[in-house]
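The values are calculated or read from the model by the stated rules, or taken from the named source; none is laboratory data. Predicted model only: the values in this text are computed from it and were never measured. Counting neighbours? That spans all protein chains shown, and the Cβs are built from the backbone with ideal geometry, glycine included.
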């Protein structure tokens, strides 16, 4: 699963941000009016560009037309199921649910399809499922989905998406042991280990803050690192995907880029982190780039 950060689609800065513990089910939304997504050229670049423009337009409408602080949703999935798009992000109060209770308890996930459009692709539904599992894992909330119409009287998210919720609300898998350990990290109390599938095991006394066992990854996990406080941790995949748990703060990733060589390491510092590639490439997020690889 790839996640495109806000910077990846050139989002405008939010006017304000309100953090809440959104521990309820994820709410699925559609566009309402048709978007004609099925008329986009059949190649990934064209589709990613279309989705970027779509999100920019929706954000402008919500901020300028509705007077909201930002685009209303927390995440989005494009109709082809290519990537997950970070909008408001994790545990930031949305403005999409139509009720205070909904906005105060549930993440909003947007799928840009509407009246007159064909049903979204199976790959889209699969990516929506992965996005729900990801939000549940890193946000410590229910790995369940509801429709916008469950909060208020509306046709959203359309009949097809709404009837698909029963398939999305799958039972969680049973606990399983680690396979190949690829990373180990300290915590404020104890330590943790992670395998290439993103399954995290914690020692006695260390809190399990989530992992990726229910997420379909595009590339294996290759390293892990504690947050600065020791009350969270980062997992990084070979394609540059970054997954944050606890108080580990997401500063960006490389999942939307094609790398010359795979990522092999992540190093955390106050303010952000560096990622190092097998060819010595260094990628800095929230920290200064000085040209010297920081490989642990």
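With the structure loaded, tell me whether residue 265 is in the same structural domain as residue 214 (by TED's automatic domain parsing), at pLDDT 95 or above and farther than 20 Å from residue 8 by Cα or whether it fails that test.
Yes; evaluated as a whole, the condition is true for this residue.
Does residue 200 meet the test of being in contact with a strand residue (DSSP E or B) (Cβ under 8 Å, 6 or more places away or on another chain) and closer than 17 Å to residue 138 by Cα? Criteria met by residue 200. In the set 133, 167, 142, 117, only one residue is in contact (Cβ under 8 Å) with a residue 12 or more places away in the chain, out of contact with any strand residue (DSSP E or B) (no Cβ under 9 Å at 6 or more places or on another chain) and part of a loop (DSSP other than H, G, I, E, B); that residue is 117.
One residue is enough: does the range 87-101 have a residue meeting the conditions under 25 Å from residue 129 (Cβ atoms), at pLDDT 95 or above, touching a helix residue (DSSP H, G or I) at 6+ places or on another chain (Cβ under 9 Å) and not in a loop (DSSP other than H, G, I, E, B)? Checked against the condition, which is being under 25 Å from residue 129 (Cβ atoms), at pLDDT 95 or above, touching a helix residue (DSSP H, G or I) at 6+ places or on another chain (Cβ under 9 Å) and not in a loop (DSSP other than H, G, I, E, B), the range 87-101 yields no hits at all.
Whether a residue is closer than 14 Å to residue 56 by Cα, in the same structural domain as residue 135 (by TED's automatic domain parsing), in contact (Cβ under 8 Å) with a residue 60 or more places away in the chain and in contact with a helix residue (DSSP H, G or I) (Cβ under 7 Å, 6 or more places away or on another chain) was assessed, and residue 110 does not pass this test. When you look at residue 236, is it at pLDDT 90 or above, surrounded by 14 or more Cβ atoms within 10 Å (Cβ to Cβ), touching a strand residue (DSSP E or B) at 6+ places or on another chain (Cβ under 8 Å) and not in a loop (DSSP other than H, G, I, E, B), yes or no? In short, yes.
Of all residues assigned to the range 71-82, at least one qualifies as being more than 15 Å from residue 4 (Cβ to Cβ) and either surrounded by fewer than 23 Cβ atoms within 10 Å (Cβ to Cβ) or modelled with pLDDT under 95 (or both).
Would you point out the residue of the range 140-167, among those that are over 11 Å from residue 26 (Cα atoms) and either at pLDDT below 90 or not assigned by TED's automatic domain parsing to the domain that holds residue 119 (or both), that is surrounded by the most Cβ atoms within 10 Å (Cβ to Cβ)? Among those residues, the one meeting the criterion is 140.
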